[in-house]
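Visitor: Can you read through this structure? Questions will come right after.
The values are calculated or read from the model by the stated rules, or taken from the named source; none is laboratory data. Small disclaimer: the values here were computed from a predicted structure and weren't measured. Here the Cβ positions follow ideal geometry from the backbone for every residue, glycine too, while neighbour counts run over all protein chains shown. For the accessible areas, the whole protein counts, side chains as well, though only heavy atoms, and no ligand, DNA or RNA atoms are used. Shrake-Rupley method; radii C 1.70, N 1.55, O 1.52, S 1.80 Å.
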Amino acid sequence: MNLQSRFFKKNQEFRVSHKEKLASYTICETLHHFLMESSPPYVFICIGTDRSTGDSLGPLVGTFLKDKHLKNTKVYGTLDNPIHAMNLVDTLANIKEIHPNSPFVAIDACLGKSNSIGDIITKKGPVMPGAAVKKDLPAVGDYQMTGIVNVSGYMEYMVLQSTRLSIIMQMAKVMSDGIYMFDRQSTMPRKEEAPLTIDVSQ
């Protein structure tokens, strides 16, 4: 299937706008691409806080996922129990103790160029929480899924605070739907199929 997303071979980065029709399906297939050789449970660590609109993307994704019946996926970080700068170190240590052999996917908000707002990026490697606001926090995840919620470059803390809740809600819905689809897909035996095809013409 020709998915309408952008694929960068250099660092195995998949990028899709939350407005694209197949955005959730793209996220599902991207997760399969990265995690197909790993064993469940798949651990999603949703980072952020509900005290800042722009930084609430992770906890919103976690909250949406908590309302779904996930079978092979464990979710940490919700609006009620957020994972943020004050508790990240201890929480991460506890999660690693509970799931010592599971792949971790970190979910977080980030800032970027104005024409990239609304893009969802999934790639191998950890996320650096708090980097946009110059916080020194440990890297999180074997993989990362980040959403560009606003523009970087100037007064990042205020930018996150003034981000519209509307776009955060839309992005969180797309991301959680894609993860839910991946969870459902991971419970079923997969037949041999053609590899993921990405349109690089954009």
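Visitor: Inside the stretch 6-18, can you point out the residues that are surrounded by fewer than 21 Cβ atoms within 10 Å (Cβ to Cβ) and at pLDDT below 95?
Guide: 6, 7, 8, 9, 10, 11, 12, 13, 15, listed by residue number.
Visitor: In the list 75, 127, which residue meets the criterion of being open to solvent by less than 20 Å² (accessible area, probe 1.4 Å) and free of Cβ contacts under 8 Å to residues at least 60 places away in the same chain?
Guide: 75 is the lone residue from the list that is open to solvent by less than 20 Å² (accessible area, probe 1.4 Å) and free of Cβ contacts under 8 Å to residues at least 60 places away in the same chain.
Visitor: If you don't mind, another one. For the stretch 124-146: of the residues being out of contact with any helix residue (DSSP H, G or I) (no Cβ under 8 Å at 6 or more places or on another chain) and closer than 12 Å to residue 110 by Cβ, which is modelled with the lowest pLDDT?
Guide: Once the filter is applied, the top-ranked residue is 131.
Visitor: While we're here: Across the stretch 181-192, which residue is farthest from residue 25 (Cα to Cα) among those that are buried (at least 20 other Cβ atoms within 10 Å of the Cβ) and modelled with pLDDT of 95 or more?
Guide: 183
Visitor: Search the stretch 103-124 for residues being open to solvent by 20 Å² or more (accessible area, probe 1.4 Å) and in a loop (DSSP other than H, G, I, E, B), and hand back the single one that is nearest to residue 26 (Cα to Cα).
Guide: 117
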